[in-house]
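Bear in mind these aren't lab numbers, they're just calculated from the coordinates by the rules spelled out. Computed from a prediction, not measured in an experiment: that's the story for all the values here. Methodologically, a virtual Cβ is constructed for each residue, glycine included, from the backbone with ideal geometry; neighbour enumeration extends over all protein chains shown.
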Amino acid sequence: NRGVASSQAYRHKFDNKSPDDLPHDKAKEALKWLSRELDDALLKFIKQAQKNDTLLCCFYEFRYLPVATEIQLAIKRGVDVKLIVDGKANEHTDKSGKFHESFPRVDNLKTIRDAQIDMAHVIVREARTNSIQHNKFMVLLKGTQKQPTEVWTGSTNLSIGGIHGQTNVGHWVRDEETAKHYQAYWEIIRQDPGSRDSDSSAEGRKKNKDLRTAVEGLCTVPLTTEDIPAGITTSFSPRIGLKVLDMFVSMVDTAESSAHITLAFGVNKAFKEQLQNNTANSPVVFLLLEKKDTPNPRSTQPFVVINSSNNVYKAWGSFIDQPIYQWARETNARIMQINKHVSYIHSKFLLMDPLSTDPIVVTGSANFSENSITENDENMLIIRGDQRVADIYLTEFNRIFNHYYFRSVLATTKTSAMTAADESLFLRETADEWLVKYKQGTMKQKRVDLYAHMKGFS
């Protein structure tokens, strides 16, 4: 999707108003602009399923009525639809006394009712209330033979905010072997496996161990970058141990030219531990974050700083909240009530040497964290050697990184000794001055070097 409700373009096109506050036709235009056809692709995947086909669906958030309605239409035309949704009973009262209903259970079940989907097609995932059923995928099985053929996956929750607010990715895979793996994983999750609140500690541990063992037994996941084969590798969670996460960390740390990663919920300590000994001459690493990497006041661990001295460059979600000369104020997805929690960066993908002849792309539902490997239901694709896929993901990463890098710098000037009048923040108007920003060792020069030394292109 476009993922930039916090932009000058949205301000000029839609006057910073929420789609809910716009006239009907203008609201449709705003939603279409924000989704950038991500919702169209979702609907198209469902519409391709015809009578005697099967759709196996698995969603954390299932609260976007257009998709639910399209699934109901598929059922009516004879598609065998089976839908797993997160339905954990996790209602609670917080310290302030405010009651929170079960999320996303209440919204998911309401959407199912509103779309008039018969519960005979629905499997409610209720076990393991301390983890989340974080998947967002569909598997298409063709014909009465139920041949697995295609998969829809990625980071996109079925919600207004997932499709129209925060950045997200939908990845449509036409590969039978991949579809076969996803079908097998779906068959495990459909049993609603894992511990229950009513279990004894021993019973719960055994059930969770059995789940992790079953998931690990689905397919072989390489544990080193060198062992990743060309093509598509699938990785599912929950798993035993953190070896897969260790491999993702190693991919970022050992890239030959560059690594790029989106991190919606902060920089995991494992990444910092590996990157903190890098120098300004190491391969360059770009981190795209939901918010600025700052110390957690509740943490007892020392805060580790990684920055340009480690050849690491960060951008994070922000918006222009004050006029700057000819610039206008912006809004964001939280202010417009499109998103309540993650407003900017929700994508989950990692790129290792994307401009080489042997790029690696990791994409899916997991947040590159301990919980995403050992606790939550998650799925990831590891795609090696596909330069077109890497090009698309790198273009997307750069689009968002460039958009928010300026806003990150601007936000930093408000809380540091720098001021908006600092001439280094503004365009140099002569060639000699302009080239200073591209001197050896600057981020701009490093990025130019990446493209200047691309391989495998004529």
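Centroid-to-centroid, using Cα positions, the stretch 69-95 and the stretch 6-46 are 25 Å apart.
Normalised by the number of residues in the chain, the average gap of Cα pairs under 8 Å and 6 or more apart makes the relative contact order 16 percent.
Seen against the Cα atoms of the chain and their longest principal axis, helix 176-189 is set at about 70 degrees. Coupling constants for the stretch 13-25 follow from the phi torsions by the Karplus curve (6.51 cos²θ - 1.76 cosθ + 1.60, θ = phi - 60°), and in residue order they are 6, 10, 6, 6, 8, 5, x, 5, 9, 9, x, 3, 5 Hz; glycine and proline get x. How far, in nm, would the chain grow between Ile335 and Lys209 when pulled straight, counting 0.36 nm per residue and subtracting the alpha carbon separation? That pair, Ile335 and Lys209, stretches by 41.1 nm at full extension. For Phe265, what charge total do you get from the other residues with a beta carbon under 11 Å from its beta carbon, if Lys and Arg give +1 and Asp and Glu give -1? Computed value for this residue: +1. As a length-normalised measure over Cα pairs under 8 Å and 6 or more apart, the relative contact order of the stretch 252-307 settles at 42 percent. Note that the stretch 32-48 has calculated 3J(HN,Hα) couplings of 5, 5, 5, 6, 6, 6, 4, 5, 4, 5, 4, 5, 5, 4, 6, 5, 5 Hz, one per residue in order, obtained from phi through the Karplus relation 6.51 cos²θ - 1.76 cosθ + 1.60 (θ = phi - 60°); glycine and proline are x. Over the stretch 132-218, Cα pairs under 8 Å with separation of 6+ residues give a relative contact order of 22 percent.
Restricting the stretch 46-118 to chymotrypsin sites (Phe, Trp or Tyr not before Pro) that sit in a DSSP loop and have at most 15 other Cβ atoms within 10 Å of their own Cβ leaves nothing. For the chain, the longest principal axis of the Cα atoms and the long axis of helix 443-452 meet at an angle of about 70 degrees. Computed about the Cα centre, the dipole magnitude for the chain is approximately 600 debye when only Lys and Arg (+1) and Asp and Glu (-1) carry charge, each at its Cβ. Computed from the Cβ-Cβ distance with R0 of 35 Å, the FRET efficiency linking Ala280 to Trp172 stands at 0.35. Within the stretch 316-375, the chymotrypsin sites (Phe, Trp or Tyr not before Pro) that combine a DSSP coil assignment with at most 14 other C-beta atoms in a 10 angstrom radius are Tyr325, Trp327.
For the pair the stretch 234-276 and the stretch 198-219, the centres of their Cα atoms are 25 angstrom apart.
Restricting the trypsin sites (Lys or Arg not before Pro) of the stretch 308-378 to loop positions (DSSP other than H, G, I, E, B) with no more than 12 neighbouring Cβ atoms within 10 Å leaves Lys340. Taking each residue as 0.36 nm, the span from Ser198 to Ala9 lengthens on full extension beyond its C-alpha to C-alpha distance by 62.8 nm. Which shape class, rounded, prolate or oblate, goes with the stretch 124-179 when its Cα gyration tensor gives a ≥ b ≥ c as root eigenvalues, a/c under 1.5 marks rounded, and past that a/b bigger than b/c marks prolate? Verdict is oblate for the stretch 124-179.
Quick check: from the Cα gyration tensor, does the chain come out rounded (a/c under 1.5), prolate or oblate?
Prolate, because a/c is 1.5 or more and a/b exceeds b/c.
Is the C-alpha gyration tensor of the stretch 314-396 telling us rounded, prolate or oblate? Criteria: a/c under 1.5 is rounded; beyond that, a/b larger than b/c is prolate, otherwise oblate. Verdict is oblate for the stretch 314-396.
Electrostatic tally near Gln50: other residues with Cβ closer than 10 Å to its Cβ, Lys and Arg +1, Asp and Glu -1, net +3.
Of all DSSP-defined beta bridges confined to the chain, some 60% are antiparallel rather than parallel.
For the pair the stretch 334-349 / the stretch 153-190, the C-alpha centres are spaced 19 Å from each other. For Asn52 and Asp25, a Förster radius of 35 Å and the Cβ-Cβ distance give a FRET efficiency of 0.35, rounded to the nearest 0.05.
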